[in-house]
1. Tell me, what is the percent relative contact order of the chain, built from C-alpha pairs under 8 Å that lie six or more residues apart?
2. Can you tell which of 137, 160, 145 shows the greatest fluctuation in a Gaussian network model of the chain with Cα springs below 10 Å?
3. Can you find, among 199, 3, 72, the residue farthest towards the positive end of the dipole of segment 3-232? Put +1 on the C-beta of Lys and Arg, -1 on that of Asp and Glu.
4. Going 7 Å from the Cα of residue 167 in the Cα-to-Cβ direction, what parts of segment 177-207 have a backbone nitrogen less than 19 Å from that spot?
5. What distance in nm separates the two pseudo spin-label positions at residue 27 and residue 188, each 7 Å out from Cα along the beta-carbon direction?
6. Looking at 150, 32, 115, which one has the Cα that reaches farthest to the positive end of the dipole of the chain (charges on Cβ: Lys, Arg +1; Asp, Glu -1)?
7. Based on the Cβ-Cβ distance of residue 200 and residue 51, what FRET efficiency does E = 1/(1 + (r/R0)^6) give at R0 = 35 Å, to the nearest 0.05?
8. Relative to the Cα centre, what is the charge dipole magnitude of the chain, using +1 at the beta carbon of each Lys and Arg, -1 at the beta carbon of each Asp and Glu, and rounding to the nearest 20 debye?
Amino acid sequence: MDVLRFQQVIADAEKAHPFIIKGAISHWPALNDHSWSDLAYLQETVGSHRLVPVELGTKYTDKDWTQKLMPFGKFLEQTMSMNEAGVCGYMAQHNLLDQAFKLKNDFIIPDYAFVETGRRLVPNDQTASTDGIVVNVWIGPQGTVSPLHFDNYDNLFAQVAGYKYFCLYSPSEAPNLYPYPPDSHMPNTSQVDMESVDLNRYPRFVKASSVECVVEPGDLLYIPVGYKLVACI
């Protein structure tokens with residue numbers, strides 16, 4: 001898909017919908033000579049002792065979920081797979097590139113990211129880090145789940161290694177998704193546990209219509225502002 005066509009497709013916020021651009025980033029060094037699937041390469045490039053924020057628990061809505069700073073090497077060795085306590089570690093939405101500048105050579109910001117839409121593209125609580133674009137990195141093991149939530153900005157999600165399942169809901173489905181109150185600490189998150197839906201508490205959830213997809217290495221997923229999503233590694 002060329003940039004002009006991309007701009008035409010996403011121009012109308014009310015009509016914009018998620019879609020995958022297959023193989024859009026397959027040329028990145030992160031998928032080739034500097035493969036991010038190679039944990040030894042990541043550890044050498046980032047540094048074993050560099051501290052990173054790690055989420056401990058399957059998802060951030062769990063009661064036993066916590067977050068701690070951890071040496072990157074320890075994170076890769078111990079928490080990328082389930083540890084003895086059955087708790088997985090997840091480095092989520094972290095600007096790792098500000099800590100490991102060499103990683104910036106492993107990818108190219110897609111031209112799609114510079115398309116003008118007039119909508120909010122940069123999170124309120126983050127500063128653009130690369131050519132005016134916010135770039136975050138997620139690293140986690142199989143079994144990690146992002147609870148049903150939404151973002152106030154458009155997303156281009158690039159899958160570098162492994163596969164990820166997405167379940168996406170249009171903003172029009174919000175009444176059926178039971179978000180936490182606006183004055184709560186998670187106003188962008190649904191109260192519904194997607195892994196064990198309680199229809200007695202959330203009966204309208206059965207009316208919610210979704211779109212499902214799986215992204216694979218090399219794929220780029222466009223997610224419009226306001227779309228509710230749940231993602232599983």
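1. 27 percent
2. The residue that fluctuates most here is 137.
3. 199
4. Within reach of a label on residue 167: 177-180, 188-207.
5. It is 3.1 nm.
6. Result: 150, furthest along the dipole toward the positive end.
7. With a Förster radius of 35 Å, E is 0.20.
8. Dipole magnitude for the chain comes out near 280 debye.
None of the figures in this text is laboratory data; all of them are computed from the coordinates on show. Since we're looking at a predicted model, the values are computed, not measured. Methodologically, a virtual Cβ is constructed for each residue, glycine included, from the backbone with ideal geometry; neighbour enumeration extends over all protein chains shown.
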